[in-house]
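Below is one structure, written out as structure tokens; comments come after it.
The values are calculated or read from the model by the stated rules, or taken from the named source; none is laboratory data. Since the model is a prediction, treat every value here as computed from it, not as a measurement. Here the Cβ positions follow ideal geometry from the backbone for every residue, glycine too, while neighbour counts run over all protein chains shown. These accessible areas exclude ligands, DNA and RNA; they are computed on the full protein's heavy atoms, side chains included. Shrake-Rupley method; radii C 1.70, N 1.55, O 1.52, S 1.80 Å.
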Amino acid sequence: MERITEPTWGLPADVDSTDWERMASVTPRHYVCHFTPNPPIIDGRLDDPAWSDATWTEPFVDIEGERGPEPRFDTRVAMRWDDDFLYVAARMDDPHVWGTITEPNSVIYLDKDFEVFIDPDGDNHNYYELEINALNTIWELTLEKPYRDGGPVYSPTHLPGLRTAVHVEGTLNAPHDTDIGWSVELALPWDGLSRHGYAPPADGDRWRINFSRVHWEHEIVDNAYRKQSGVPEHNWVWSPQGVVDMHRPERWGYVQFSRSQPGEASFRTDPTLRARDTLMAVYYAQKAYKQHHGRWADDLSELDVRVPEQADLHVQLDGWTATLPVSGHGALLQVDHESRLQIMT
């Protein structure tokens with residue numbers, strides 16, 4: 001597995017001083033993922049009872065949320081789980097389904113693709129990413145830290161037992177006809193995901209997860225699809241990020257696992273979310289302060305951010321930590337200069 005210390009495929013590493021202002025206006029979406037006694041057959045077709053009984057997400061939106069244009073084509077996701085796997089299904093409307101990349105663990109989002117991001121313990125670190133195109137070519141990565149914090153990226157990652165499948169409703173790579181779309185089915189093994197946090201989940205556990213669809217505009221040349229030169233990709237996501245960067249785990253959605261029947265469990269709001277947002281505001285303010293002054297702020301009063309009186313900042317030679325009591329939770333939440341969020345008991 002290669003260790004990549006710098007992003008080499010065009011993803012943003014820098015943090016703009018206005019990032020949090022745009023991100024703070026976004027509320028993470030949520031979903032209740034129900035246990036299934038009858039796992040789906042992973043063939044990409046989504047005709048199993050597990051999916052007909054499942055709740056499907058809201059339509060995907062632009063990665064920036066309301067500031068971005070409404071996606072041209074519908075995308076939705078459903079999830080189920082059992083004692084061995086997390087199952088993910090995605091339906092993507094698309095009148096022109098095409099793909100070109102056949103080498104595993106290539107940069108798949110240079111094609112149209114579907115992407116999964118999973119951070120089981122919600123600490124912004126050590127998270128898993130999977131990308132898949134319409135040819136069922138996949139790329140698996142692990143990020144020790146987000147790109148903004150220097151990574152590194154471990155590529156390829158391999159989850160033993162991972163199963164993937166794609167089904168095209170239409171004709172793949174055939175410009176002469178109009179397609180309906182394509183669908184993806186994934187079975188992600190708990191044994192592999194356990195390296196990223198506690199797995200399998202218990203009834204009621206919440207994980208931070210997000211999904212992305214990259215869509216490219218095309219032209220037809222010599223009866224073949226080709227991406228339009230100079231036209232950027234569309235980034236359509238389940239839970240909007242507020243900025244054009246999927247690697248902001250603090251804005252991923254919440255997936256709550258339930259052993260009840262679909263429709264019999266309600267989502268429980270994360271009691272730490274407000275404290276998380278406050279501490280991430282400190283993180284972004286500290287980034288901006290250092291970019292301007294060449295050092296970290298020594299006191300919260302130096303930062304352009306409002307924090308409760310109970311918040312505390314501790315600066316060290318190699319970085320800083322900020323803590324805040326979680327109301328009604330009986331614990332402290334901490335963030336550090338590399339954006340790691342932890343519950344301190």
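If you build a Gaussian network model of the chain, linking Cα atoms that sit under 10 Å apart, which residue out of 39, 232, 156 swings the most?
232
If one puts a single equal scatterer on every Cα of the chain and applies the Debye formula without solvent, what log₁₀ I(q)/I(0) results at q = 0.08, 0.10, 0.14 Å⁻¹?
-0.39, -0.62, -1.18
Which one, 38, 124, 210, has the greatest fluctuation when you compute a Gaussian network model over the chain with C-alpha springs under 10 angstrom?
38
For n ≥ 4 DSSP H runs only, could you compute -39500 (n - 2.57) per run for the chain, divide by its residues and tell me the 222 nm figure to the nearest 500?
Numbers: 4 runs with 35 residues, N = 345.
Computed mean residue ellipticity for the chain: -3000 deg cm²/dmol.
From the phi angles alone, apply the Karplus equation (6.51, -1.76, 1.60; θ = phi - 60°) to the stretch 57-64 and give each ³J(HN,Hα) in whole Hz, x where the residue is Gly or Pro.
5, 4, x, 4, 10, 4, 4, 8
Treating only the Cβ atoms of Lys and Arg (+1) and Asp and Glu (-1) as charged, compute the dipole magnitude of the stretch 124-212 about its Cα centre; round to the nearest 20 debye. Spell out each step's value before the answer.
Values: 6 positive and 12 negative charges, 73 e Å.
In debye, rounded to 20, the stretch 124-212 gives about 360.
Mind checking the full-extension length gain between residue 203 and residue 259? Use 0.36 nm per residue of separation minus the Cα-Cα distance, one decimal, nm.
Using 0.36 nm per residue and subtracting the Cα-Cα distance, I get 19.6 nm.
Using a simple spin-label model with points 7 Å from Cα along the Cα→Cβ vector, what separation in nm is obtained for residue 302 and residue 53?
5.8
When only the heavy atoms of the protein chains count and the probe is 1.4 Å, how do 258, 194, 52 rank by accessible area, highest first?
Numbers: 258 5, 194 55, 52 90 Å².
Output order, biggest surface exposure first: 52, 194, 258.
Just want to confirm a number: the relative contact order over the stretch 141-231, from Cα pairs under 8 angstrom separated by 6+ residues, in percent. Provide the component values of the computation, followed by the final result.
On the way: 98 pairs, mean separation 18.3, N = 91.
Rounded, it is 20 percent for the stretch 141-231.
Quick one: length gained pulling residue 221 to residue 38 fully straight, 0.36 nm per residue minus the C-alpha distance? Could the numbers behind the result be given before it?
On the way: separation 183, 0.36 × 183 = 65.88 nm, distance 4.54 nm.
Value of the extension gain: 61.3 nm.
Where Lys and Arg each count +1 and Asp and Glu each count -1, what net charge lies around residue 227 among other residues with Cβ under 13 Å from its Cβ?
Working: positive: 112, 226; negative: 111, 113, 217, 219, 233.
Residues close to residue 227 contribute a combined charge of -3.
Taking a cut-off of 26 Å between Cα atoms, list the lysines near residue 227, but don't count ones fewer than 8 places away on the same chain.
112
With each label point set 7 Å from Cα along the Cα-Cβ vector, what nm distance links residue 83 and residue 312?
Between residue 83 and residue 312, the label points sit 4.4 nm apart.
So if I place +1 on the C-beta of Lys and Arg and -1 on the C-beta of Asp and Glu, and nothing else carries charge, what would the dipole magnitude of the stretch 186-316 be about its Cα centre? I want it in debye, nearest 20. Write out the running numbers ahead of the final one.
On the way: 16 positive and 18 negative charges, 33 e Å.
Dipole size: approximately 160 debye.
Suppose every Lys and Arg Cβ carries +1 and every Asp and Glu Cβ carries -1, with no other charges. What dipole size does the chain come out with about its Cα centre, to the nearest 20 debye?
On the way: 30 positive and 58 negative charges, 94 e Å.
Roughly 460 debye for the chain.
Full extension from residue 274 to residue 66: what is 0.36 nm times the residue separation minus their Cα-Cα distance, to one decimal in nm? Numbers along the way, then the final one.
On the way: separation 208, 0.36 × 208 = 74.88 nm, distance 2.14 nm.
So the extension gain works out to 72.7 nm.
Using a 1.4 angstrom probe on heavy atoms only, work out the carbon and sulfur share of the accessible area of the stretch 152-293 in %.
Working: 2760 of 5810 Å².
Carbon and sulfur together cover 47 percent of it.
Can you tell me the Rg and Dmax of the stretch 124-240, counting just the alpha carbons, in angstroms?
17.3, 54
Taking only C-alpha pairs under 8 Å that are 6+ residues apart, what is the relative contact order of the stretch 201-345 in percent?
Working: 197 pairs, mean separation 24.7, N = 145.
Here the relative contact order equals 17 percent.
If ligands, DNA and RNA are left out, what is the accessible area of residue 132 with a 1.4 Å probe, given in Å² to the nearest 10?
Here the accessible area works out near 0 Å².
Explain nothing, just compute: Karplus ³J(HN,Hα) = 6.51 cos²θ - 1.76 cosθ + 1.60, θ = phi - 60°, for every residue of the stretch 304-319 in order, whole Hz, x for Gly and Pro.
Once rounded to whole Hz, the list reads 7, 8, 8, 9, x, 4, 6, 5, 9, 10, 10, 9, 10, 4, 9, x.
Per residue, what accessible area does the chain have, given a 1.4 Å probe and all protein chains present, in Å²? List each step's numbers first, then the result.
On the way: 15280 Å² over 345 residues.
I get 44 Å² per residue for the chain.
Roughly how many Å² of residue 247 are accessible to a 1.4 Å probe, to the nearest 10?
0
Sort 42, 180 from largest to smallest accessible area, using a 1.4 Å probe on the heavy atoms of the protein chains.
Numbers: 42 30, 180 110 Å².
Heavy-atom accessible area, descending, gives 180, 42.
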